[in-house]
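What follows is a set of notes on a single structure, which appears directly below.
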Amino acid sequence: REVALTQETGYPWEEKVRIAISSPETTSFTLALRLPGWCRRPAVSVNGEEITLAGITENGYALIDREWKDGDTVELALPMPVEKMAAHPGLRENAGKIALQRGPVVYCLEEVDNGKDLHNLVISPEAEFTAEFADDFPGRVVVLKGEAFRTVETGWGNELYRPFSLRRERVKITAVPYYAWANRRPGEMRVWLRVLERE
């Protein structure tokens, strides 16, 4: 039997995937929807009614087995909060650092948005980020906006060492998808960011 599926989505930037069923007659089949491992709370609805995933999920897929008719719709919701990711403790280079991820996309900081010496930026574990579309990239891209702290390094002359002092200032930062870096101007890039430690 002939069945057509039409998918509408703004993924990976937008959370919802909509599938419309077109069929000249009612037919039974299993529709398998991928539930990605990064998504903690996926949701699926059929014709506007949410279905329970607990009994129909197998090997990372939601298996919807039913009679389908022309005009049926399926909506898959994949919530995409901004996550602060940590590396395995055995990765010494990334100890005490976090990376930003939203949905399946890992983000980085670039000099063009955040200035030089990105190693001087530290992020609070409680920092909040908002996602918004940017128009200075090829294609459609979502960037993350938030705040961090920058270590202020002033007064250094030619000396290699001096007594320790620490001063930080709060700054606005922009994170861009890792795959999209180096599309504007040359400069530094950083994925793993130091965490602001609190006693």
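FYI, it's all coordinate maths here, none of it is from the lab. On a predicted model such as this, the values are computed, not experimentally measured, just so you know. When we count neighbours, we look across all protein chains shown, and the Cβ atoms used for this are built from the backbone with ideal geometry, even at glycine.
Counting charges near LYS97 (Lys, Arg +1; Asp, Glu -1) among other residues having Cβ under 13 Å from its Cβ returns a value of +2. Taking a ≥ b ≥ c as the square roots of the eigenvalues of the Cα gyration tensor, region 109-161 is classed as oblate, since a/c reaches at least 1.5 and a/b does not exceed b/c.
Using alpha-carbon pairs under 8 Å, 6+ residues apart, how would you state the relative contact order of the chain in percent? After rounding, I find 20 percent. The string of couplings for region 78-90 from the Karplus curve (6.51, -1.76, 1.60, θ = phi - 60°) is 10, x, 10, x, 6, 9, 9, 9, 10, 8, 4, x, x Hz, one whole number per residue in order, with x for Gly and Pro. Can you work out the base-10 log of I(q)/I(0) for region 82-195 at q = 0.23 1/Å, using the Debye formula on its C-alpha atoms alone? Debye intensities relative to I(0), on a log10 scale: -1.38.
Between the beta carbons of GLU83 and LYS16, assuming R0 = 22 Å, the FRET efficiency works out to 0.70 to the nearest 0.05.
With viscosity 1.002 mPa s and temperature 20 °C, the Kirkwood radius over alpha carbon pairs of region 4-77 converts through Stokes-Einstein to a diffusion coefficient of 167 µm²/s. Counting lysine pairs in the chain that sit 8 or more residues apart in sequence, or on different chains, and whose Cα atoms lie under 21 Å apart gives 9. Note that region 16-31 has calculated 3J(HN,Hα) couplings of 10, 10, 10, 10, 10, 9, 10, 8, x, 8, 4, 8, 9, 6, 9, 9 Hz, one per residue in order, obtained from phi through the Karplus relation 6.51 cos²θ - 1.76 cosθ + 1.60 (θ = phi - 60°); glycine and proline are x. Compute the signed sum of charges (Lys and Arg +1, Asp and Glu -1) over the other residues within less than 13 Å, Cβ to Cβ, of TRP181. My count for the surroundings of TRP181 gives -2. Mind checking the full-extension length gain between THR154 and GLU93? Use 0.36 nm per residue of separation minus the Cα-Cα distance, one decimal, nm. Length gained, THR154 through GLU93: 19.3 nm.
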